[in-house]
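Student: My questions all concern the structure below.
The values are calculated or read from the model by the stated rules, or taken from the named source; none is laboratory data. Quick caveat, the model's predicted, so the values are computed rather than measured. Don't worry about glycine lacking a Cβ; one is built from the backbone with ideal geometry, like all the others, and counts go over all protein chains shown.
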Amino acid sequence: MESLFIADDGLARCGWCVSAPDYIEYHDREWGRPVHGDVALFERITLEAFQSGLSWLTILRKRDNFRAAFAGFDFDAVARFDAGDAERLMNDAGIVRNRRKIEATIVNARAALALQEAHGPGALDALVWSHAPVAGRPRPHAVSDLVPISPESSALSKALKARGFVFVGPTTMHAAMQACGLIDDHLVGCHRAA
């Protein structure tokens, strides 16, 4: 879908969410709404990393399993995971069983914990939100207007990597920034457009 679609409820929505009811619910309730808090942002960064190369719908449908597998994304707990935990997760059919992504989640939990220990609670939140674009960014008119990388996502990727995070490339961070409301890419005319 290139632009908007009108659902049975009469609401105009971004065309990318037309393919499944799960997408519609995610679009309406979460995508583009501001997310704050270290644990919530750690979860979104982790899920976006797992999504790399896959459909977001796959991740969305496994999200509760990811939460269970990764201790509710409590990065203090995940930071203590060891090789045995990584092996356990490789055998968990409820999540995406990709060793590099599992190991990256553990590395990122340790980096998030180190960031919090150095700068206090809210440090990951502050770091992520310090890369939000300035207000007044034009809203896209069509799905084809959406970009996969922005100067802000490149800067956030660089800042996270400098603090020991991995699997946080500019494209992954752009998707996270869209999902977490830093970049509001609801199309012009979408009922969720601010």
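Student: If residue 100 satisfies all but one of (1) without any contact (Cβ under 8 Å) to a residue 60 or more places away in the chain; (2) exposed (fewer than 13 other Cβ atoms within 10 Å of the Cβ); (3) charged (D, E, K, R), what's the number of the condition it fails?
Tutor: (1)
Student: Scan region 89-118 residue by residue and report those that are closer than 19 Å to residue 63 by Cβ and of a type in the set (D, E, K, R).
Tutor: If the condition is that a residue be closer than 19 Å to residue 63 by Cβ and of a type in the set (D, E, K, R), then 92, 97, 101 are the ones that fit.
Student: Shifting gears a bit: Quick one: which helices (runs of 4 or more DSSP H) lie wholly within region 56-153 and hold at least 3 residues that are in contact with a Phe, Trp or Tyr (Cβ under 7 Å, 6 or more places away or on another chain) and more than 28 Å from residue 20 (Cα to Cα)?
Tutor: On the way: elements: 56-69, 75-78, 83-90, 99-119, 123-129.
In region 56-153, 99-119 are the helices (runs of 4 or more DSSP H) which contain 3 or more residues that are in contact with a Phe, Trp or Tyr (Cβ under 7 Å, 6 or more places away or on another chain) and more than 28 Å from residue 20 (Cα to Cα).
Student: Scan region 1-21 and report the pairs whose first residue is under 25 Å from residue 147 (Cβ atoms) and whose second residue is of a type in the set (S, T, N, Q) and in a helix (DSSP H, G or I), with Cβ atoms within less than 7 Å and a gap of 6+ or a chain change.
Tutor: 2/144
Student: Pull out all pairs, ordered by first then second residue, where Cβ-Cβ is under 8 Å, the residues are six or more apart or on different chains, the first lies in region 105-117 and is closer than 18 Å to residue 49 by Cα, and the second is hydroxyl-bearing (Ser, Thr, Tyr).
Tutor: Once the first residue is closer than 18 Å to residue 49 by Cα and sits in region 105-117, its partners that are hydroxyl-bearing (Ser, Thr, Tyr) give 105/46; 108/46.
Student: Can I ask one more? Please enumerate the residues belonging to region 20-53 that are at pLDDT 95 or above, aliphatic (A, V, I, L, M) and not in a helix (DSSP H, G or I).
Tutor: The one that is at pLDDT 95 or above, aliphatic (A, V, I, L, M) and not in a helix (DSSP H, G or I): 35.
Student: Could you grab the pairs with beta carbons closer than 7 Å, sequence gap of 6+ or different chains, first residue in region 129-148 and touching a residue at least 40 places away in the same chain (Cβ under 8 Å) and exposed (fewer than 14 other Cβ atoms within 10 Å of the Cβ), second one assigned to a loop (DSSP other than H, G, I, E, B) and not β-branched (Val, Ile, Thr)?
Tutor: Pairs found: 141/3; 141/187; 144/2.
Student: Which ones in region 154-192 are under 18 Å from residue 35 (Cβ atoms) and assigned to a loop (DSSP other than H, G, I, E, B)? Break it down stepwise before answering.
Tutor: Residues of region 154-192 under 18 Å from residue 35 (Cβ atoms): 156-157, 159-160, 165, 168, 172-186, 192.
Matches in region 154-192: 165, 168, 180, 181, 182, 183, 184, 185, 186, 192.
Student: For the structure I just gave you, tell me whether residue 110 is surrounded by fewer than 19 Cβ atoms within 10 Å (Cβ to Cβ), charged (D, E, K, R) and farther than 27 Å from residue 3 by Cβ.
Tutor: On the way: surrounded by fewer than 19 Cβ atoms within 10 Å (Cβ to Cβ): yes; charged (D, E, K, R): yes; farther than 27 Å from residue 3 by Cβ: yes.
When the stated conditions are applied, residue 110 passes them.
Student: Another one. Whether any residue in region 58-74 is touching a residue at least 60 places away in the same chain (Cβ under 8 Å) and surrounded by 16 or more Cβ atoms within 10 Å (Cβ to Cβ) is what I want to check.
Tutor: To start, the set of residues in region 58-74 that are touching a residue at least 60 places away in the same chain (Cβ under 8 Å) comprises none.
For region 58-74, residues touching a residue at least 60 places away in the same chain (Cβ under 8 Å) and surrounded by 16 or more Cβ atoms within 10 Å (Cβ to Cβ): absent.
Student: Still on this structure: Across region 160-174, which residue is surrounded by the fewest Cβ atoms within 10 Å (Cβ to Cβ) among those that are out of contact with any Ser or Thr (no Cβ under 8 Å at 6 or more places or on another chain) and touching a residue at least 12 places away in the same chain (Cβ under 8 Å)? Before you say what the answer is, go through the steps one by one.
Tutor: Initially, region 160-174 is screened for residues out of contact with any Ser or Thr (no Cβ under 8 Å at 6 or more places or on another chain), giving 160-166.
With touching a residue at least 12 places away in the same chain (Cβ under 8 Å) added as a condition, the list becomes 160, 163-166.
Details: 160: 26, 163: 18, 164: 13, 165: 25, 166: 17.
By that ranking, first place goes to 164.
Student: Right, something else. Test residue 87 against the stated conditions and say whether it is surrounded by fewer than 14 Cβ atoms within 10 Å (Cβ to Cβ) and of a type in the set (D, E, K, R). Break it down stepwise before answering.
Tutor: On the way: surrounded by fewer than 14 Cβ atoms within 10 Å (Cβ to Cβ): yes; of a type in the set (D, E, K, R): yes.
Yes, satisfied.
Student: When you go through (1) farther than 14 Å from residue 166 by Cα; (2) of a type outside the set (Val, Ile, Thr); (3) under 20 Å from the mean Cα position of the chain (by Cα) one by one for residue 87, which number turns out not to apply?
Tutor: Exception for residue 87: condition (3).
Student: Follow-up question, since we're still on this one. Pull up region 17-57, narrow it to residues that are surrounded by fewer than 17 Cβ atoms within 10 Å (Cβ to Cβ) and among the aliphatic types (A, V, I, L, M), then point me to the one that is farthest from residue 7 (Cα to Cα).
Tutor: 39
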